[in-house]
Ligand code: GLV
Ligand code: MN
Ligand code: MN
């Protein structure tokens, strides 16, 4: 099996015909089909699939726990109408690298595992990297079990419906202790590699980032009869906040996005009684991120005051700054340089499970060129030749880390 064969079997799963994007939300039918694909692919490579207590999938080459394992993979879930590559490229490349090592008759000196972490995007339950956070103890399991999706279904109920025992979710020190190194290959979510004419790069670190929920509460009223002066329009307070966030981000040389908004009651002819909006904010360092979110919160308070609206802001998730393990980074750079290409070192504003694992084990990332830089969109793309270069790079790295 090569990259294309593995990739093409996954491609139709969870694809929305109208948008061309993917809707692979954790523990839904599409996710279950992705999980079945994972187990089938693993089995055809002679790997045994385990689902851990937190819903992360592991395909083992060698006996877990016999030695410190070399782990590689990413995630299979998507944002709403996400692209085909964010996550799946890392899992498919991991399987393709194992297939390559098998074809070379490579004998690993320690176990190799392919992993697919659950709910990396937080698209269903709101907290990104939920599977890796649970496993490493970065989120309280009782809090996680009670997270709700847009229909009010809890994580616990979704896992139970999928045949998992949610009561067992939580820190898994035994499994974490079995990991000697984690390498996550991922499509680049920017254009740095394209600018450098490099097909593959190495992750330097991840910007600190998080999600905040803002609730604006006004009063519903008739759109055709309520005088402007009498309105308490939650939409206006939110709209002013969204514009201020853009200015604050520019002033702080950082990023702020409102990509998800729910307006109530949601009638074209009624003034908006409430807006629930999610702020995604990212910056190069934590002090700047604090300053950015502080400014946006203050702008929201002032806008709410001007429009006679109440406002509350609450942090829903946070990921501190990550600097990937320098020894692993240098080792990967040495392997790839010996293969003939000196890989650039790239920081990223995107979150990854490797960033969560980095708090507990040596972790690193490989990025594959994205010619347009577009991601979290059906237009996300990487050329096949670059994906194959990524597989070759990952194969060389795994051979080095798992070799004698
Ligand atoms: C994950 O893709 C994130 O950075 O939100
Ligand atoms: Mn993503
Ligand atoms: Mn991803």
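The values are calculated or read from the model by the stated rules, or taken from the named source; none is laboratory data. This one's a predicted model, so the numbers in the text were calculated from it and none came from an experiment. We place every Cβ from the backbone using ideal geometry, glycine too, and count neighbours over all the protein chains shown.
Of the residues that make up the stretch 121-137, is at least one in the same structural domain as residue 361 (by TED's automatic domain parsing), more than 16 Å from ligand 1 (Cβ to nearest atom) and in a loop (DSSP other than H, G, I, E, B)? Don't jump to the end; show me each part of the working.
Taking the stretch 121-137 first, the residues in the same structural domain as residue 361 (by TED's automatic domain parsing) are 121-137.
If we keep only those that are more than 16 Å from ligand 1 (Cβ to nearest atom) too, we end up with 134-137.
The next check asks that each one be in a loop (DSSP other than H, G, I, E, B); those that pass are 137.
Yes, the stretch 121-137 contains at least one residue that is in the same structural domain as residue 361 (by TED's automatic domain parsing), more than 16 Å from ligand 1 (Cβ to nearest atom) and in a loop (DSSP other than H, G, I, E, B).
Out of 86, 77, 81, I need the residue that is on the phi > 0 side of the Ramachandran plot, within 16 Å of ligand 2 (Cβ to nearest atom) and touching a strand residue (DSSP E or B) at 6+ places or on another chain (Cβ under 9 Å). Which one? Steps first, answer last, please.
Values: 86 fails: on the phi > 0 side of the Ramachandran plot; 77 fails: on the phi > 0 side of the Ramachandran plot.
The unique qualifying residue is 81.
In the stretch 123-135, what residues are in contact with a helix residue (DSSP H, G or I) (Cβ under 8 Å, 6 or more places away or on another chain) and within 11 Å of ligand 3 (Cβ to nearest atom)? Please lay out each step first, then the result.
Here is the first cut: in the stretch 123-135, the residues in contact with a helix residue (DSSP H, G or I) (Cβ under 8 Å, 6 or more places away or on another chain) are 124-125, 127, 129-135.
The answer is 129, and nothing else.
It is to be established whether one or more residues within the stretch 99-109 are part of a strand (DSSP E or B), at negative phi and more than 16 Å from ligand 1 (Cβ to nearest atom). First the steps, then the outcome.
Our first condition is that a residue be part of a strand (DSSP E or B); within the stretch 99-109, this holds for none.
There is no residue in the stretch 99-109 that is part of a strand (DSSP E or B), at negative phi and more than 16 Å from ligand 1 (Cβ to nearest atom).
Are there any helices (runs of 4 or more DSSP H) wholly within the stretch 145-227 with 1 or more residues that are in contact with a helix residue (DSSP H, G or I) (Cβ under 7 Å, 6 or more places away or on another chain) and at pLDDT 95 or above, and if so which? Don't jump to the end; show me each part of the working.
Numbers: elements: 155-161, 173-177, 192-195.
In the stretch 145-227, 155-161, 173-177 are the helices (runs of 4 or more DSSP H) which contain 1 or more residues that are in contact with a helix residue (DSSP H, G or I) (Cβ under 7 Å, 6 or more places away or on another chain) and at pLDDT 95 or above.
Might you let me know whether the stretch 153-165 holds any residue that is farther than 26 Å from residue 278 by Cβ and either touching a residue at least 12 places away in the same chain (Cβ under 8 Å) or within 16 Å of ligand 2 (Cβ to nearest atom) (or both)?
Within the stretch 153-165, one or more residues are farther than 26 Å from residue 278 by Cβ and either touching a residue at least 12 places away in the same chain (Cβ under 8 Å) or within 16 Å of ligand 2 (Cβ to nearest atom) (or both).
Yes or no, residue by residue, for (1) away from ligand 1 (no atom under 15 Å from the Cβ); (2) part of a loop (DSSP other than H, G, I, E, B):
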{"position": "333", "(1), (2)": "yes, no"}
{"position": "337", "(1), (2)": "yes, no"}
{"position": "346", "(1), (2)": "no, no"}
{"position": "350", "(1), (2)": "no, yes"}
{"position": "355", "(1), (2)": "no, no"}
{"position": "361", "(1), (2)": "yes, yes"}
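Looking at residue 34 and the list (1) assigned to a helix (DSSP H, G or I); (2) closer than 21 Å to residue 149 by Cα; (3) without any contact (Cβ under 8 Å) to a residue 60 or more places away in the chain, which single condition is not satisfied?
Every condition holds for residue 34 apart from (3).
Looking at the stretch 64-84, which of the residues that are more than 10 Å from ligand 1 (Cβ to nearest atom) and in a strand (DSSP E or B) is farthest from residue 367 (Cα to Cα)?
69
Which numbered condition in (1) buried (at least 16 other Cβ atoms within 10 Å of the Cβ); (2) more than 34 Å from the chain's Cα centre (by Cα) is the only one that residue 228 fails?
All conditions pass for residue 228, except number (1).
I'd like to verify a number: residues in the stretch 1-38 that are surrounded by fewer than 21 Cβ atoms within 10 Å (Cβ to Cβ), under 29 Å from residue 105 (Cα atoms) and over 21 Å from the mean Cα position of the chain (by Cα), how many?
Total meeting the criteria: 6.
Of the numbered conditions (1) assigned to a helix (DSSP H, G or I); (2) within 16 Å of ligand 2 (Cβ to nearest atom), residue 372 fails exactly one; give the number of that condition.
Just one mismatch for residue 372, condition (1).
Filtering the stretch 89-122 down to residues that are within 16 Å of ligand 2 (Cβ to nearest atom) and surrounded by fewer than 24 Cβ atoms within 10 Å (Cβ to Cβ), which residue is farthest from the chain's Cα centre (by Cα)?
122
Results for (1) over 24 Å from the mean Cα position of the chain (by Cα); (2) at pLDDT below 95; (3) crowded, with 23+ Cβ neighbours inside 10 Å, shown as yes or no for each residue.
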residue: 294; (1), (2), (3): yes, no, no
residue: 334; (1), (2), (3): yes, no, no
residue: 345; (1), (2), (3): no, no, no
residue: 356; (1), (2), (3): no, no, yes
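Residues 329, 315: which one is in the same structural domain as residue 194 (by TED's automatic domain parsing), in contact with a strand residue (DSSP E or B) (Cβ under 8 Å, 6 or more places away or on another chain) and more than 16 Å from ligand 3 (Cβ to nearest atom)? Lay out the reasoning, then the answer.
On the way: 315 fails: in the same structural domain as residue 194 (by TED's automatic domain parsing).
Only one candidate passes the filter, namely 329.
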